[in-house]
Amino acid sequence: MPARWNHGQHTLVNLARGTQISTHDLGTLIKQLIQAAEPLKGKFDGEGKKTFDRFKAHADQIATDLHAGLRSVNTGQVGMERAFLTGDQAMADDAQSKMSSANFHAAKFRHGA
């Protein structure tokens, strides 16, 4: 039966790297959207104009908020990676310590007793 949570050694590192790249890409796409919409300035009337103007006015804040949110996700991913590595090392150290103090000879079965 395969492990339900198969955590490879580099899984979270790769995930964090991907999130970091996506954060940068998203910020770039929002800036490109704002630039692409520039020729439409002044072409709307009524509610369309209000919505367009509101989007333009808040676009930088939207980009900043998205960037901050994804940066927080990225920080969490890096923290999880550290926790997994620390736990993995602690478990290995504990197992090594217990094995060093174990008396394996006493556990041997004796024949003909």
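Which order do peptides 35-47, 9-21 fall in by mean Cβ count within 10 Å, highest first?
Values: 35-47: 9.5, 9-21: 14.2.
Output ranking for 35-47, 9-21: 9-21, 35-47.
Pairwise Cα distances in the chain exceed 17 Å for 73 percent of all pairs. Short-range pairs are left out: with C-alpha atoms under 8 Å and at least six residues apart, the relative contact order of region 1-83 is 56 percent.
Hydrodynamic analysis of region 14-68 uses the Kirkwood radius over alpha carbon pairs. Inserted into Stokes-Einstein at 25 °C and 0.890 mPa s, it gives a translational diffusion coefficient of 197 µm²/s. At full extension, PHE104 and ARG71 could sit 6.9 nm farther apart than now, given 0.36 nm per residue minus the alpha carbon distance. With a simple spin-label model that places each label point 7 Å from the Cα along the Cα-to-Cβ direction, the separation between LEU85 and SER22 comes to 2.2 nm.
Read-outs: derived from the displayed coordinates by stated rules, not from any lab. These figures come from a predicted structure and were not determined experimentally. All Cβ positions, glycine included, derive from the backbone under ideal geometry; neighbour counts span all protein chains shown.
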